[in-house]
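Let me begin by presenting the structure, written as structure tokens, before commenting on it.
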Amino acid sequence: MTTADPSPAPTQAVALQWDRRRAPRVTAVGEGQTAEEIIRIAEAEGIPLQSDPVLVAALAQIPLGREIPPNLYLAVAEVLTFVFLLEGIDPYAENE
């Protein structure tokens, strides 16, 4: 008989930055304590968070500072839409 490992998978986090002119860039990637710190900083700064382990795993493969690849545009656009709706942001406004 095989038993499942009861310990949870390590926390993983990715932070993105988007200047509205180019594709979003990966600005932080971490696992375990580093991921928890990324999440803590985001929460302290009022940055909306969304949990999507599959997307995080894909984004974590992108080197820091690099733009996301075209095959992830749709998934990241869905996250940005969530953030815009949650925060009342107009993505077309110049000063937001």
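The values are calculated or read from the model by the stated rules, or taken from the named source; none is laboratory data. Just so we're clear, the structure is a prediction, and the values are computed from it rather than from any experiment. A quick note on method: Cβ atoms are made from the backbone with ideal geometry, for glycine too, and the neighbour counts reach across all protein chains shown.
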By residue number, the members of the range 67-84 that are at pLDDT below 95 and of a type in the set (Asp, Glu) are Glu78
Condition set loosely packed, with under 13 Cβ neighbours inside 10 Å and not in a strand (DSSP E or B), scope the range 12-40, selection farthest from the chain's Cα centre (by Cα): answer is Arg21
Exactly one of Tyr73, Tyr92 is over 11 Å from the mean Cα position of the chain (by Cα), not in a helix (DSSP H, G or I) and not polar (S, T, N, Q), and that residue is Tyr92
